[in-house]
Structures are given as C-alpha cells and as structure tokens.
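Below: the structure, in structure tokens.
FYI, it's all coordinate maths here, none of it is from the lab. These figures come from a predicted structure and were not determined experimentally. Cβ placement follows ideal geometry from the backbone for every residue including glycine, while neighbour counts extend to all protein chains displayed.
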Amino acid sequence: MVWAWLAAFLAVYAVCVLALVAAGKRTHARALAGFIPDCVVLLKRLLADPRVPRRRRALVALALGYLLVPFDLVPDFIPVAGQLDDAIVVALALRGLLTEQLAREHWPGPEPSLRVLLTISARPARRRT
C-alpha cells in the first residue's frame, strides 16, 4: 500500500515538474524537483557540522528522520499540502539555528530555493514596545 502512495506522489510530482519545464520555467522546475532532497542534504551536513549545538543537532536529526520516513502527517501525493508539511518541519527545525553563512556553506540547491529556505526558517524580529 505504501508503494502505491509513493508511486502516486512521484507521478503527481513529476507532472508538476514537467509542466514547469513545458512552460519554459526550468529554474523553477529544478527548484521544485530538488527542494526536499536538497533539504535532506542540508540537514545531513548540519548534523556533521561541529558548530551546531548538540540540542539543535537533535532537532535536526528528528526533522531528517521525518523527511526520510515514507509516511507523513499529510501524505506527499497530495499536491502542495503534501510538501508543505515537510517544508514546515524543516523550517521549525532550522528556526533560529540556520544563519546565512551556515546555509550558504551547506545548501546544495539553487539560490532561489536557498532564499525561500532562509525566509521560512527565519525568526521574526521582536517588536519593542
């Protein structure tokens, strides 16, 4: 049953990527196709980086585990929402940990994807009253 869900997800994902390629948006297609795999690589590299505190490393390991298990809270075959929960988990794990320097050193994907990752993982500035 898991394989059927995985196959359906991959088919929908491939159609979305191919639609972007057909529309002439190859950069966007590459970014979409590689965002979650790029996040997995980033998390693996952060686990190996001695500058990452042990407590944060534990959060990164949990997020990596969540990305690697074949089942999610929202199944990946559901367009957009399926990938959104993965992006939220990554953002929460990286929130407050990921500096632009660390991100640039370890991010394997394209620059637009890195900017998205930095945006979703940034802590909002505190308002002074």
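A few notes on this one:
- Here the spin labels are modelled as points 7 Å beyond Cα on the Cα-Cβ line, and at LEU92 and ALA61 they lie 1.9 nm apart.
- Under the Karplus curve 6.51 cos²θ - 1.76 cosθ + 1.60, θ = phi - 60°, whole-Hz ³J(HN,Hα) for the stretch 44-53, x wherever Gly or Pro sits: 4, 5, 5, 4, 8, 7, x, 6, 7, x
- For ALA23 and ALA81, the difference between the fully extended length at 0.36 nm per residue and the C-alpha to C-alpha distance is 18.6 nm.
- Taking amide H atoms as placed 1.01 Å from N in the peptide plane, the amide H of ASP49 has no partner under 5 Å among residues 5 or more positions away or on other chains.
- Shown here for the stretch 66-121: chymotrypsin sites (Phe, Trp or Tyr not before Pro) in loop regions (DSSP other than H, G, I, E, B) with at most 14 other Cβ atoms within 10 Å, namely PHE71.
- Listed by Cβ neighbour count within 10 Å, with the fewest neighbours leading, ARG26, ARG95 appear as ARG26, ARG95.
- Taking LEU64, LEU118 and counting other C-beta atoms within 10 Å, the order from fewest to most: LEU118, LEU64
- Nearest-20 debye value, the stretch 83-123 charge dipole, Cβ charges on Lys, Arg, Asp, Glu: 140
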